[in-house]
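**Student:** Sharing a structure with you now.
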Amino acid sequence: MQMIKHSKILVLGTGPAGCTAAIYLARANLYTTLITGPIPGGQLISTSGIENWPGDYPSVKGIILMERMINHTKNLKINLINDTIIKVNLLKKPFLLIGNNASYTCEALIIATGASPKYLGLPLEKELLGKGISFCATCDGFFFRNKNVAVIGGGNTAVEEALYLANIAKKVFIIHRRNIFKAEKILINRLKDKSINSKIDIKFSFFLKKIYGNKEQGLTGIKIQSLENSKNIINLSLDGLFIAIGHEPNTNIFKDQISLTKNKYIKIGIDKKYTTSTNIKGIFAAGDVHDFKYRQAITSSGFGCMAALDVQKYFNK
Ligand code: FAD
Ligand code: NAP
């Protein structure tokens, strides 16, 4: 039997939302346990430079910002635990959460489990992960010096990944299913500058039809097809493929107990008194796990703060 640890409040996740929530709770003298989850620091640790975190001009490395946030929690009375929750029983109180290393009970819970990268769902995609296929240019770009790589997607992540890879790889293809990027203007302009010297080749209105390779050789190439003319098919010989087609919320373990939207985000504001409330009294959600609209570091931190203030109000009542 696993040891059961009780705390008044439990916060799940150490991205901007979870860290901010824990900091606000500790400063309100509410004894809080903060569980790191599988990725201490969350999504931002995979980005090279954050240029829109206020006060950090011109930019701050994702890993540095998140180290600072986690250190902030370490300096307060917060019980920081390295564990990942795999099962929950939230239907009776105290809430029970079972982790890989221990079990936890609590009277109030803030879910800040964020989001994970989406897969395309193509054969070989998962098998070749780490063998040419990656979700993180900052982490793996180094392996593709002077090689040919492609990025799939058209959002901020895809464009940032392509810009990062353009400084390392021989050639970077961007394959996007539309003829216009979703990314911010400032990033698109940088991309245009890099495309001039033909380092970056943008394939608009194309989709990835097939991945070539095997476990021994790793990724060897891809087949892409035009969405405007199905006869326009191109085979690209590649060493690296970076998939950047967005994220999905980490809500699997809650799905039978917490109300979710159709696209699996946690529904909040169910109790009108608390913006971050879920369908269960005493359980709140913050950050990318519920926010399918803004999904920024600053908004996640903002929601973390709101959830902590909602918890305080909940206990005061
Ligand atoms: P996350 O950062 O996703 O953190 C989730 C946390 O939950 C993690 O610590 C994880 O370990 C934990 N967790 C997950 N499952 C469990 C579990 N079962 N049990 C316990 N814990 C769990 N935004 C910007 O504003 N500026 C940028 O420049 C920027 N760049 C980005 C670059 C990239 C490559 C990506 C992918 C995103 C970027 N974003 C940027 C978006 C930003 O990273 C997210 O909006 C933000 O990290 C969301 O914070 P969060 O705390 O809600 O979740
Ligand atoms: P995103 O904004 O959701 O963009 C995903 C992109 O992938 C879209 O262009 C989408 O196409 C495409 N796509 C989705 N499913 C696909 C599929 N099955 N096949 C092919 N293409 C597919 O995701 P993101 O770029 O990861 O960004 C996530 C959040 O983090 C956003 O809120 C973003 O602003 C934030 N972020 C911010 C920064 C920054 O501030 N610098 C950096 C990175 C991320 P469509 O265009 O057709 O929808």
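**Student:** Just checking, how many residues over region 202-220 are surrounded by 19 or more Cβ atoms within 10 Å (Cβ to Cβ) and at positive phi?
**Tutor:** Residues flagged as surrounded by 19 or more Cβ atoms within 10 Å (Cβ to Cβ) and at positive phi within region 202-220 amount to 1.
**Student:** Mind checking whether some residue in region 97-118 is surrounded by fewer than 23 Cβ atoms within 10 Å (Cβ to Cβ), under 30 Å from residue 164 (Cβ atoms) and hydroxyl-bearing (Ser, Thr, Tyr)?
**Tutor:** Yes.
Residues are listed down the side, and each one gets a yes or a no for (1) assigned to a strand (DSSP E or B); (2) under 19 Å from the mean Cα position of the chain (by Cα); (3) on the phi < 0 side of the Ramachandran plot:
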| residue | (1), (2), (3) |
| --- | --- |
| 55 | no, no, no |
| 69 | no, yes, yes |
| 87 | yes, no, yes |
| 106 | yes, no, yes |
| 127 | no, no, yes |
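**Student:** Please enumerate the residues belonging to region 119-139 that are among the small types (Gly, Ala, Ser) and surrounded by 14 or more Cβ atoms within 10 Å (Cβ to Cβ). Outline the logic, then answer.
**Tutor:** In the first step, residues of region 119-139 are kept if they are among the small types (Gly, Ala, Ser); the result is 121, 130, 132, 134, 137.
Answer for region 119-139, where residues must be among the small types (Gly, Ala, Ser) and surrounded by 14 or more Cβ atoms within 10 Å (Cβ to Cβ): 132, 134, 137.
**Student:** So, of the residues in region 227-259 that are of a type in the set (S, T, N, Q) and within 18 Å of the chain's Cα centre (by Cα), which turns out to be surrounded by the fewest Cβ atoms within 10 Å (Cβ to Cβ)? Let's see the steps before the verdict.
**Tutor:** Our first condition is that a residue be of a type in the set (S, T, N, Q); within region 227-259, this holds for 229-230, 232, 235, 237, 250-252, 257, 259.
Going one step further and asking which of them are within 18 Å of the chain's Cα centre (by Cα), we end up with 250-252.
Working: 250: 22, 251: 20, 252: 13.
Ranking the candidates gives 252 first.
**Student:** Hey, another quick one. Please go through region 108-124 and give me each residue that is among the small types (Gly, Ala, Ser), assigned to a loop (DSSP other than H, G, I, E, B) and within 16 Å of ligand 1 (Cβ to nearest atom), ordered by number. Don't jump to the end; show me each part of the working.
**Tutor:** Taking region 108-124 as the starting set, the residues that turn out to be among the small types (Gly, Ala, Ser) are 108, 112, 114-116, 121.
Of the ones still in play, those that are also assigned to a loop (DSSP other than H, G, I, E, B) are 112, 114, 121.
112, 114, listed by residue number.
**Student:** Sticking with this structure for a sec: Name, by its number, the condition in (1) within 20 Å of the chain's Cα centre (by Cα); (2) farther than 30 Å from residue 291 by Cβ that does not hold for residue 160.
**Tutor:** Single failed check for residue 160: (2).
**Student:** Of all residues in region 140-186, which are assigned to a loop (DSSP other than H, G, I, E, B), touching a residue at least 40 places away in the same chain (Cβ under 8 Å) and either within 14 Å of ligand 2 (Cβ to nearest atom) or surrounded by fewer than 20 Cβ atoms within 10 Å (Cβ to Cβ) (or both)?
**Tutor:** So the first thing to find is which residues in region 140-186 are assigned to a loop (DSSP other than H, G, I, E, B), and the list is 145-147, 153-155, 167-170, 177-184.
After this cut, where a residue has to be touching a residue at least 40 places away in the same chain (Cβ under 8 Å) as well, the list is 147, 153, 155, 169, 177.
Of everything in region 140-186, those that are assigned to a loop (DSSP other than H, G, I, E, B), touching a residue at least 40 places away in the same chain (Cβ under 8 Å) and either within 14 Å of ligand 2 (Cβ to nearest atom) or surrounded by fewer than 20 Cβ atoms within 10 Å (Cβ to Cβ) (or both) turn out to be 147, 153, 155, 177.
**Student:** In region 281-317, how many are surrounded by fewer than 20 Cβ atoms within 10 Å (Cβ to Cβ) and either farther than 23 Å from residue 89 by Cβ or within 11 Å of ligand 2 (Cβ to nearest atom) (or both)?
**Tutor:** Total meeting the criteria: 14.
**Student:** Considering (1) at pLDDT 95 or above; (2) farther than 19 Å from residue 10 by Cβ, say which one residue 28 fails and leave the rest.
**Tutor:** So residue 28 meets the others, but not (2).
**Student:** Can you tell me which residue in region 28-56 is most open to solvent (accessible area, probe 1.4 Å), limited to those that are more than 7 Å from ligand 1 (Cβ to nearest atom) and under 23 Å from residue 7 (Cα atoms)?
**Tutor:** Checking each candidate, the answer is 29.
The values are calculated or read from the model by the stated rules, or taken from the named source; none is laboratory data. All of these numbers come straight from a predicted model, not from anything done at the bench. In this analysis, Cβ positions are derived from the backbone assuming ideal geometry, glycine residues included, and neighbour counts consider all displayed protein chains. With ligands, DNA and RNA removed, areas are computed over all heavy atoms of the protein, side chains included. Shrake-Rupley method; radii C 1.70, N 1.55, O 1.52, S 1.80 Å.
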